[in-house]
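Take this structure, written in structure tokens, and hold onto it; I'll ask about it next.
The values are calculated or read from the model by the stated rules, or taken from the named source; none is laboratory data. None of the values given here were measured: they were computed from a predicted structure. As a convention, Cβ positions derive from the backbone with ideal geometry for all residues, glycine included, and neighbour counts pool all protein chains shown. Accessible surface is based on the protein model in full, side chains and every heavy atom, while ligands, DNA and RNA are left aside. Shrake-Rupley method; radii C 1.70, N 1.55, O 1.52, S 1.80 Å.
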Amino acid sequence: MRISLVLCLICVASGIVRAQSQPVLQSSNAFIAAGVRQGSLSLDYFYNWQPGASRKFQIGLGARITSYIGSNQYHATAPADLAVDVLKSDSLLLSTAQVHALNLAVQLGYRLSEKVSLGFNIDAVGVSFGANKNGRYLNGNQGQLVQARPTPLNILLVGNHDRGTLNSQFFIRYHITKSWAATVAYQFLFVEYTTAVAVQQQPEPNDRFRNKASMFGVGITKLF
Amino acid sequence: MNIRILVLFLLLAACETEDATPTTTLNDAFDTQTATLLRAGVWMGANNYNVAGEAQIYQQPDGTRVLLLDMFSSSNGPDLRVYLANDAKASSFVNLGRLKSTNGRQVYPIPAATDVNQFSFALIWCQQFSVSFGQAETK
């Protein structure tokens with residue numbers, strides 16, 4: 001799935017160059033999502049180009065702020081070389097997690113009909129902030145109390161190499177009027193914490209732990 | 001119609017059933033006559049949960065050690081684990097496994113590398129919600 005996201009990014013980058021002179025549709029979306037003991041609120045703005053005579057395709061750039069709150073969530077070892085092997089992956093259990101992320105994002109869309117469109121968007125780079133939290137590092141049958149804070153820098157990379165808190169959504173949008181639409185989406189949110197010390201020592205020191213939060217949600221979208 | 005199905009799916013995804021601990025009264029076999037008692041303590045409830053009985057750490061003739069929960073009873077809850085910890089807050093701990101039952105005599109093997117003198121507290125700990133149900137300070 002991550003490879004397909006990168007392909008989407010490449011498509012967006014190449015498409016924007018060609019779409020500079022195309023009609024523009026701006027959108028702003030307020031979105032609420034919920035999962036198991038976790039949820040998020042997000043606000044985004046996208047500047048979408050509509051290349052082609054049919055104006056069915058949309059390629060957009062924008063920004064999104066996501067506020068995430070979770071309760072009793074396991075965060076697994078984040079670095080890619082450790083995360084791929086379950087024997088090298090430990091976990092950080094946080095009683096409460098709260099992260100705010102401001103990211104630049106890209107979006108692809110397709111207008112199925114006058115009333116319905118669908119699309120995909122993903123955060124690319126940005127910053128995260130939030131308070132320190134107490135959690136328990138779990139390594140096999142051993143554990144210890146540790147402090148952690150949201151990883152400050154977010155960046156979308158290939159595969160599991162991403163860092164920080166990054167949001168992505170697959171959405172279906174129902175256009176109520178020309179200016180307003182309702183959105184339903186599946187949201188896949190990476191939430192990453194960095195521990196105060198490198199609590200994981202084997203097979204190499206690590207202080208980054210990630211929760212891959214699957215959520216569904218609804219939103220209201222302003223088009224202009 | 002499709003939107004209704006999606007909303008229903010969203011609501012279902014937000015729910016979760018938590019596995020409670022079995023309540024069958026256990027009577028694990030353990031011969032205290034051939035084992036050496038290393039440490040012992042009495043269970044006390046915490047955070048308005050009830051835990052009672054005795055916690056005893058034994059060394060068996062083959063050198064292995066176990067935590068024995070004797071005359072044990074506990075309030076029920078999800079994801080209850082038996083910890084050996086350095087304090088009542090589980091700042092550092094060894095997880096001996098899921099609590100087998102809320103009632104009865106139970107034996108939990110202690111990993112060989114564990115320094116039982118460093119972990120003087122036995123805890124009944126709800127791992128998912130990081131809540132102590134009870135503790136026994138062993139001496």
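Kindly identify residues of segment A:24-66 having a loss of at least 10 Å² in accessible area between the isolated chain and the assembly of all protein chains, probe radius 1.4 Å.
Buried by 10 Å² or more upon assembly, which counts only protein chains, are A:ALA34, A:GLY35, A:VAL36, A:ARG37.
If you don't mind, there's one more thing I want to ask. Could you calculate the FRET efficiency of B:ALA113 with B:MET44 from 1/(1 + (r/R0)^6), where r is the beta carbon distance between them and R0 is 45 Å, rounded to 0.05?
0.95
Straight distance only, please: which aspartates and glutamates reach the Cα of A:LYS88 with their own Cα at less than 14 Å, same-chain residues fewer than 8 apart left out?
Output for A:LYS88: A:GLU204, A:ASP207.
In whole Å, what is the distance between the alpha-carbon centres of segment B:60-139 and segment A:82-135?
Between the Cα centre of segment B:60-139 and that of segment A:82-135, the gap is 36 Å.
Put +1 on the Cβ of every Lys and Arg and -1 on every Asp and Glu Cβ in segment A:129-224; which of A:LEU223, A:PRO152, A:ASN167 then has its Cα farthest towards the positive end of the dipole?
A:LEU223
Given a 1.4 Å probe, how much area per residue of chain A is accessible, in Å²?
Per residue, chain A has 44 Å² of solvent-accessible surface.
Let me check I've understood the local charge: for A:GLU204, count other residues with C-beta under 14 angstrom from its C-beta, Lys and Arg +1, Asp and Glu -1. What total comes out?
Combined, the nearby Lys, Arg, Asp and Glu give -2.
Give me the one-decimal nm value for the distance between modelled label points at B:THR23 and A:ARG149, 7 Å along each residue's Cα-to-Cβ direction.
According to this spin-label approximation, the distance is 4.6 nm.
Could I ask something else about it? How many percent of the accessible area of segment A:118-164 is carbon or sulfur, using a 1.4 Å probe?
The value for segment A:118-164 is 57 percent carbon and sulfur by accessible area.
Run the quick spin-label model on B:MET71 and A:LEU104: label points 7 Å from Cα toward the beta carbon, then report their separation in nm to one decimal.
Those two pseudo-labels are separated by 7.0 nm.
What accessible area per residue, rounded to a whole number of Å², is obtained for segment B:35-139 using a probe radius of 1.4 Å?
39
Let me know the mean shielding of B:121-129 by other chains, meaning the per-residue number of their Cβ atoms within 10 Å of its Cβ.
Taking all residues of B:121-129 together, the mean is 2.
Next up: Assign unit charges at the C-beta atoms only (+1 for Lys and Arg, -1 for Asp and Glu), then state the dipole size of the protein assembly as shown relative to its Cα centre in Debye, rounded to the nearest 20.
Using Cβ point charges on Lys, Arg, Asp and Glu, the protein assembly as shown gives about 1620 debye.
So, one more: Could you give me the ³J(HN,Hα) list for segment A:145-156, computed from phi with Karplus coefficients 6.51, -1.76, 1.60 and θ = phi - 60°, whole Hz, x at Gly and Pro?
Listing the rounded values in order: 6, 9, 9, 9, 9, x, 4, x, 9, 10, 8, 7 Hz.
Rank A:TYR47, B:TYR108 by accessible area, highest first, at a 1.4 Å probe radius?
Descending order: A:TYR47, B:TYR108.
Per-residue accessible area for A:GLU114 at 1.4 Å probe radius, Å² rounded to 10?
150
Also: Which residue, B:VAL116, B:SER73, B:GLY134, has the largest displacement toward the positive end of the dipole of chain B when charges sit on each Cβ (Lys, Arg +1; Asp, Glu -1)?
B:GLY134
Please sort A:100-106, B:32-38, B:119-125 by packing, taking for each peptide the average over its residues of neighbouring beta carbons within 10 angstrom, highest first.
Taking the mean over residues of other Cβ atoms within 10 Å, the ranking is B:119-125, A:100-106, B:32-38.
Also, quick follow-up: In square angstrom and rounded to 100, what buried accessible area do you get between chains A and B, total over both, with the probe at 1.4 Å?
1900
Could you compute how much accessible surface A:ASP81 exposes when probed at 1.4 Å, giving the result in Å² to the nearest 10?
Answer for A:ASP81: close to 80 Å² accessible.
Here is a further query. Filter A:LYS178/A:LYS212; B:LYS89/B:LYS139; A:LYS133/B:LYS100 down to the pairs with a C-alpha to C-alpha distance above 29 Å, please.
A:LYS178/A:LYS212; A:LYS133/B:LYS100
Given a 1.4 angstrom probe, I'd like the percentage of the accessible area of chain B that is carbon and sulfur, rounded to a whole number.
Its accessible area is 54 percent carbon and sulfur atoms.
To continue, here is another question. Take chain B, connect every pair of alpha-carbon atoms lying under 10 Å apart with a spring to form a Gaussian network, then pick out the residue of B:SER101, B:SER74, B:SER92 with the largest mean-square fluctuation.
Comparing B:SER101, B:SER74, B:SER92 in a Gaussian network model of chain B, the most mobile one is B:SER92.
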